[in-house]
Structure formats: C-alpha cells, structure tokens
Amino acid sequence: MRDHAEARGFLIGTALATGPLSGEASYRDIAGSEFNVVTAENAMKWDATEPQQGQFNFSGADQIMDFAEANGQTVHGHTLVWHNQTPGWVQNLDANAMRTAMRNHIDTVVGRYAGRIPSWDVVNEVFNENGGMRDSFWYQRLGESYIADAFRAARAADPNAELCINDYNVEGINAKSTAMYNLVSRLRGQGVPIDCVGIQGHLSIQYGFPNDLRQNIQRFADLGVDVKITELDVRVSTPADANELATQATYYRNVIDACLAVSRCDQLTVWGFTDKHSWVPDTFPGEGAALPYDQNYQPKPAYQALHDALAG
C-alpha cells in the first residue's frame, strides 16, 4: 500500500501502540513497510505526556517518533485537548489555571516536536450527536473559547504544523458534521488557524454506509481546509463470516474512494491495523474484526480493498 500511496502523493497511515511495537516483530514489520504516516494511539495524549502538572514524560511518544523516523514515515500528532484521557489535576483547575495549563501543555508538547510532526489533532470530539457543544469540563469552565485558544497556542508552538479538529460520527452530512462545518467556518472567519478537519471513521456494517461521505468531504474542502480520515475501522459482529468481511472490504473501499476523489483529502489512517490489537471488542461487546489484518497478521479483504484503490 505504501508504495502505491507514495506514487500518488497520498498518506496511508496507521495508529501505533507502544507495547506491540516493542514486543512483536510482525507488528513492526507491517507497520514499517505498509504505511507512510503513523499516529500514536495513546502515547501522545495528555495522561501519557503530562500525568502530573509540569512533569512531562515523552518516553512513549519518543518511541513512536523514533520508529517513524527510522522507517521514513511522517507522524500525525494525536491529541492535545480532549475530554478523555486527561488527568484529574487538569479537570479540577479553575478557569484561569485551566487555560494556562492548556496553553503550557500545548506549547511544551507541540514545541518538543516542532519541525518533526507536520500535523496535529489539536482539539478532539467537541460535539454531541445533536450538534450541540459537548458539556465537557473544558466547556464548563472555559466555554467555546478553549477551542480557539488551543489552535492559537498550537500555531505559536509550531507555525508550520497543520492543525486539525477531529471528531467521530461526522462521516455523513448530519447535525454533528454540520455543527463542525459551521464552527470551522466561523472560527476561520475570525482568524483562528484551523487548517484541517479530521473525520474519524469508526464505522459498523450494521448501521449502513454514509453514502454522502464524498459530498461531506467536499464541503469541508470548499472551506479551504484539508480533510483527513483519521481513525478508520469497520466493525462487524464476531465471529466474522465471509459475507461480513466482504461487506467490510466494500466499506473500506468506499471510504478511500471518497477521499481520493477530493484533492484536499490527503490522508487515510486506520486505527490500528491488526485485529490482535484493537479497541473495538472491549468497547463494543460482540463486535470486532474491524481492521485490515486479522489476529495472525494475515491480510483480509479489507487490506486488498485499500491496496487496490491506491494501486488503481
């Protein structure tokens, strides 16, 4: 896949976990050979990088960086400001202290990798399904202003990085994706440096395919931002049968075709690549088998779908 993606000037990526990266040769081999961009699944999140205030730990993040650079890969940074995996010390701050802590965190993390990480998910999952703002501790203390503040802090920390807002269930045109569209349009109009929209792509065949995905990608591109598919997986009921895996492969093909059809959609990342290491079964009991490789690192029809679309 990597060779075909590079021939197109396209980024095909995967999220990486530090455990299997350390311990499994098959994981390293596929991660290094099949993808030209990687995202840290957890190692760059707040709880990993600043577990106590002002005490930073970059061991996992550096492990991901070192692997990527050794394999000639780009890194997509994930994620700076989110309501999950953020330490309790942050959540308990008052408004002024929270704003200061957020700016310091972004300055330190983005600044450490300035010039090495060309794109970041700055703010993650700010909307409810109905398009309202998520009532997170960020929003409760700071209101919507934390979003603009985070992007401005990231721009100051690395003026050359591409800065993204990222969310799930925004694949099709719906209340949530329209709220994202309106927010990006409004904030960009105010000079807030939002350069890209991340569409996660956590799909399930039981809910059908968002057939207006390409149209949705295009409307964001028309705002003047890039679009990335940041966290693609397609879960099925388990154990998976051949029909489910064929439908899954069609979903993967439909997603990459929609992205490749819009010039500003420049990256597709799968959220992990092997079913051996996937968040899905723990979160959605009875579902899984969501990734392009099976538990034994063998390629599935979904892998072939992505490969053939890139080769096409």
Point to revise | Count of the range 169-196 residues which are part of a helix (DSSP H, G or I) and open to solvent by less than 10 Å² (accessible area, probe 1.4 Å) | key: 6
Revision key, fill the gap. When the range 97-135 is checked residue by residue, the ones that are of a type in the set (Ser, Thr, Tyr), touching a helix residue (DSSP H, G or I) at 6+ places or on another chain (Cβ under 9 Å) and open to solvent by less than 30 Å² (accessible area, probe 1.4 Å) are Tyr113
Exercise for review: Output the residues belonging to the range 280-302 that are free of Cβ contacts under 8 Å to residues at least 24 places away in the same chain and either closer than 19 Å to Tyr27 by Cα or assigned to a loop (DSSP other than H, G, I, E, B) (or both).
Suggested key: Pro285, Asp294, Gln295, Asn296, Gln298, Pro299
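For the range 155-168, check the following and say yes or no: at least one residue is buried (at least 19 other Cβ atoms within 10 Å of the Cβ), touching a Pro at 6+ places or on another chain (Cβ under 8 Å) and part of a loop (DSSP other than H, G, I, E, B).
Residues of the range 155-168 that are buried (at least 19 other Cβ atoms within 10 Å of the Cβ), as a first pass: 155, 157-158, 161-167.
Going one step further and asking which of them are touching a Pro at 6+ places or on another chain (Cβ under 8 Å), we end up with 155, 161-163.
Cutting the leftovers down to part of a loop (DSSP other than H, G, I, E, B) gives us 161.
Yes, some residue in the range 155-168 is buried (at least 19 other Cβ atoms within 10 Å of the Cβ), touching a Pro at 6+ places or on another chain (Cβ under 8 Å) and part of a loop (DSSP other than H, G, I, E, B).
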Check your understanding: Looking at (1) touching a strand residue (DSSP E or B) at 6+ places or on another chain (Cβ under 8 Å); (2) open to solvent by 30 Å² or more (accessible area, probe 1.4 Å); (3) farther than 16 Å from Val262 by Cβ, which is the one condition that is false for Ser204?
Key -> (2)
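Looking only at the range 273-312, count how many residues are of a type in the set (Val, Ile, Thr) and open to solvent by less than 50 Å² (accessible area, probe 1.4 Å). Spell out the reasoning first.
Taking the range 273-312 and keeping what is of a type in the set (Val, Ile, Thr), we get 274, 280, 283.
Going one step further and asking which of them are open to solvent by less than 50 Å² (accessible area, probe 1.4 Å), we end up with 274, 280.
Qualifying residue count, the range 273-312: 2.
Just to verify a result, which residue in the range 193-220, among those that are more than 15 Å from the chain's Cα centre (by Cα) and β-branched (Val, Ile, Thr), is nearest to Ser145 (Cα to Cα)?
Let us first name the residues in the range 193-220 that are more than 15 Å from the chain's Cα centre (by Cα), namely 193-194, 204-220.
The next check asks that each one be β-branched (Val, Ile, Thr); those that pass are 194, 205, 217.
Values: Ile194: 14, Ile205: 37, Ile217: 26 Å.
Applying the filter and picking the extreme gives Ile194.
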Revision key, fill the gap. Those residues of the range 202-259 which are in contact (Cβ under 8 Å) with a residue 40 or more places away in the chain, part of a strand (DSSP E or B) and in contact with a Lys or Arg (Cβ under 9 Å, 6 or more places away or on another chain) amount to His202, Leu203, Ser204, Asp226
Practice item. State the number of residues belonging to the range 250-268 that are open to solvent by 10 Å² or more (accessible area, probe 1.4 Å) and either under 26 Å from Pro281 (Cα atoms) or of a type in the set (Phe, Trp, Tyr) (or both). Key: 4
Revision key, fill the gap. Residue pairs within 8 Å by beta carbon, gap of at least six or interchain, first lying in the range 126-147 and under 19 Å from Tyr181 (Cα atoms), second assigned to a helix (DSSP H, G or I) and open to solvent by 60 Å² or more (accessible area, probe 1.4 Å), listed first then second, are Val126/Tyr139; Met133/Tyr139; Tyr146/Tyr139
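Looking at the range 31-40, can you tell me whether even one residue there is open to solvent by 40 Å² or more (accessible area, probe 1.4 Å) and either charged (D, E, K, R) or in contact (Cβ under 8 Å) with a residue 40 or more places away in the chain (or both)? It would help to see each step written out before you state the result.
Let us first name the residues in the range 31-40 that are open to solvent by 40 Å² or more (accessible area, probe 1.4 Å), namely 33.
Narrowing further to those that are either charged (D, E, K, R) or in contact (Cβ under 8 Å) with a residue 40 or more places away in the chain (or both): none.
No, the range 31-40 contains no residue that is open to solvent by 40 Å² or more (accessible area, probe 1.4 Å) and either charged (D, E, K, R) or in contact (Cβ under 8 Å) with a residue 40 or more places away in the chain (or both).
Check the range 144-154 and report whether any residue there is of a type in the set (Phe, Trp, Tyr), part of a loop (DSSP other than H, G, I, E, B) and open to solvent by less than 30 Å² (accessible area, probe 1.4 Å). Explain how you work it out, then say what you get.
Going through the range 144-154, the residues of a type in the set (Phe, Trp, Tyr) turn out to be 146, 151.
Cutting the leftovers down to part of a loop (DSSP other than H, G, I, E, B) gives us none.
Checking the range 144-154: not a single residue is of a type in the set (Phe, Trp, Tyr), part of a loop (DSSP other than H, G, I, E, B) and open to solvent by less than 30 Å² (accessible area, probe 1.4 Å).
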Review point. Do any helices (runs of 4 or more DSSP H) lying entirely in the range 1-102 carry at least 2 residues that are over 16 Å from His277 (Cβ atoms), and which ones are they?
Key: 2-8, 46-49, 59-70, 88-91
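The values are calculated or read from the model by the stated rules, or taken from the named source; none is laboratory data. What you see is a predicted model; the values in this text were computed from it and never measured. No Cβ is skipped: glycine too gets one built from the backbone with ideal geometry, and neighbour counts run over all protein chains shown. Note: accessible area is taken over every heavy atom of the protein model, side chains too, but ligands, DNA and RNA are not part of it. Shrake-Rupley method; radii C 1.70, N 1.55, O 1.52, S 1.80 Å.
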